[in-house]
């Protein structure tokens, strides 16, 4: 009897997703299967960063734009649905960009930190670390977020109460809930 064939080892990319221009830095470290589509990566980024996927987005990779084509806007954007991450990642240190909400322009840099064999005990995607809270949607980009934090930190500011209500009460810019993020990542198919 011939020995059973061993299944090929799945490769995993460890990605560091950093919100460009945010000071102090806001970032997430996630591990994903190397063969996921860019469409699935978009969902992973949305959950890991804390966005709600309410706006347009695009990946910028090797001079090409990928996302959800919208012919009505006459944008030169390729579909992200069938493009797999491993078709362009050349290895560790490969970088590409992800932009979310073209109005607020939340620019993210994605760095492939490591290429690893999959751990059969781990369900991917998984977030292994992160720093700081995601800015609220529609707060005006990095500059608007800095202004929002300044307003929230000053009870004497005439807009303090209004902005506190707008963010839904207390807002801790330093908070990041890894366990909650991973619970949400488990829902991604």
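The values are calculated or read from the model by the stated rules, or taken from the named source; none is laboratory data. Computed from a predicted model, the values in this text were never measured in an experiment. Reconstructed Cβ throughout: ideal geometry from the backbone, glycine too, with neighbour counts over all protein chains shown.
Taking residue 31 as the residue in question, decide whether it is modelled with pLDDT under 95 and either surrounded by 21 or more Cβ atoms within 10 Å (Cβ to Cβ) or in contact with a strand residue (DSSP E or B) (Cβ under 7 Å, 6 or more places away or on another chain) (or both). Answer is no for this residue. Listed by position, the helices (runs of 4 or more DSSP H) contained in region 111-189 that have at least 3 residues being over 16 Å from the mean Cα position of the chain (by Cα) are 141-152, 160-166.
Among the residues of region 48-82, those identified as touching a helix residue (DSSP H, G or I) at 6+ places or on another chain (Cβ under 7 Å) and buried (at least 19 other Cβ atoms within 10 Å of the Cβ) are 48, 57, 59, 66, 80.
Among the residues of region 32-84, the ones that are farther than 15 Å from residue 101 by Cβ, part of a helix (DSSP H, G or I) and under 14 Å from the mean Cα position of the chain (by Cα) come to 8 in all.
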